[in-house]
Amino acid sequence: MKLTLEALAAHLAGQLLPAYLVSGDEPLLTGEALDAIRERARAAGASAREVFFIERGNAVWDAVLQAAQSLSLFAEHRIVEIRMPSGKPGTVGAAALLKLLEAAGPDLLVLIATDRLDRDSQEAAWVRAVQSAGAWLPIWPVERARLPQWLRGRLALAGLTADAEALALLAERSEGNLLAAKQEIDKLALLLPRGSRVGMAEVIAGSTDAARFDVFQLGEALRGRDTGRALRILASLRAAGTEPTLVLWAVLREIRAAAAEGPRAQRWIARAAAVDRLAKGLASGDPWDELAWLALELTGTARAPLLAPMRAEAAART
């Protein structure tokens, strides 16, 4: 079966399944889901747990199967937990996972944690075997539009409420980094009495800008002609050490999508070529400044603001 994060608590209140696969790139949500499954298993009598980290090589798979086959002298119910950086265990690993899932049952819970599965991995035989024997729980990042509501729910769990402006600011400062959002809410819960209402002043005083962005979010900002957000994302990517060539790839995608705009698109392509030369050290200058000017043109800003604020934000994040 396939589970959702929203249905997990109700599911775990019922019968525990022999196998679970939790996949996703959001550390907070995947970690909490794994904790909930482990807690339910401990309540069912699982007092032994073995964890295997799969990196490279096939030797560890033999140890995984031996752990599944061995009998515990002290625990009737055991957990074998597999942590893989991706959903591609290789031929040997996939075969081992199928054997492990065959052994899953009342005395053995198989718990597999991976990063987000791509389309090919989702169709793998071992993933289908998990869904046959137990459940697959894919976890997705909280979208920007849903983030204020997610924060509202987390604040409620901490005994706090917040006005719309405070939620918007907290969302802006924690976008793409739910772990930082949780830490900020935990901090507010320590500083304020239970039942308090959080306003802008409390968020400003108690939180820092911990938002994280990727190049795909930059593309969304460019498509939406959101100049301020595009420049903020560029500053964040620069501070995080992202290669300018990777950022340029995302920008070029948007330029190609706007190719019908004729002469303007040709001007954008010429500026993108200049960014490429700067990034490769073939010309003198800062590729990030050129990327910022390119973002301004793509978002249709009539008068370019100074780039100093972007540089200052990048410096503050380093």
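Residue 203 satisfies every condition listed in (1) within 13 Å of residue 288 (Cβ to Cβ); (2) aliphatic (A, V, I, L, M); (3) buried (at least 19 other Cβ atoms within 10 Å of the Cβ); (4) modelled with pLDDT under 85 except (1). Taking the condition of being small (Gly, Ala, Ser) and in contact (Cβ under 8 Å) with a residue 40 or more places away in the chain, how many residues in segment 17-66 meet it? Qualifying residue count, segment 17-66: 6. For segment 8-35, a residue qualifies if it is of a type in the set (A, V, I, L, M, F, W, C) and over 20 Å from the mean Cα position of the chain (by Cα), and the qualifying residues are 9, 10, 12, 13, 16, 17, 19. Each residue in segment 121-141 was checked for being among the hydroxyl-bearing types (Ser, Thr, Tyr) and either crowded, with 19+ Cβ neighbours inside 10 Å or touching a Lys or Arg at 6+ places or on another chain (Cβ under 7 Å) (or both), and 1 pass. Contact annotation: residue pairs with Cβ atoms under 7 Å, 6 or more positions apart or on different chains, pairing a residue in segment 275-296 that is assigned by TED's automatic domain parsing to the domain that holds residue 221 and under 18 Å from residue 218 (Cβ atoms) with a partner that is of a type in the set (Gly, Ala, Ser) and assigned to a helix (DSSP H, G or I), are 287/279; 290/274; 294/272; 295/230. Within segment 184-194, identify whether any single residue is out of contact with any Phe, Trp or Tyr (no Cβ under 7 Å at 6 or more places or on another chain), modelled with pLDDT under 90 and within 21 Å of residue 217 (Cα to Cα), and answer yes or no. Taking every residue of segment 184-194 in turn, none turns out to be out of contact with any Phe, Trp or Tyr (no Cβ under 7 Å at 6 or more places or on another chain), modelled with pLDDT under 90 and within 21 Å of residue 217 (Cα to Cα). The residue that is nearest to residue 28 (Cα to Cα), among those in segment 140-184 that are acidic (Asp, Glu) and assigned to a helix (DSSP H, G or I), is 184. Taking segment 206-223 only, how many residues are surrounded by 13 or more Cβ atoms within 10 Å (Cβ to Cβ), in a helix (DSSP H, G or I) and modelled with pLDDT of 80 or more? Adding up the residues that qualify gives 8. Restricting attention to segment 37-60, the residues being crowded, with 18+ Cβ neighbours inside 10 Å and modelled with pLDDT of 90 or more number 3. Out of 107, 118, one residue alone is under 24 Å from the mean Cα position of the chain (by Cα), under 29 Å from residue 3 (Cβ atoms) and surrounded by fewer than 17 Cβ atoms within 10 Å (Cβ to Cβ). It is 118.
May I ask you to verify whether residue 112 is over 19 Å from residue 217 (Cα atoms) and touching a Leu at 6+ places or on another chain (Cβ under 7 Å)? Taking the combined requirement at face value, the residue satisfies it. Against the test of being modelled with pLDDT of 90 or more and surrounded by fewer than 19 Cβ atoms within 10 Å (Cβ to Cβ), the options 152, 173, 144 yield a single qualifying residue, 152.
The values are calculated or read from the model by the stated rules, or taken from the named source; none is laboratory data. Note that the structure is a prediction, hence the values are computed from the model and not measured. All Cβ positions, glycine included, derive from the backbone under ideal geometry; neighbour counts span all protein chains shown.
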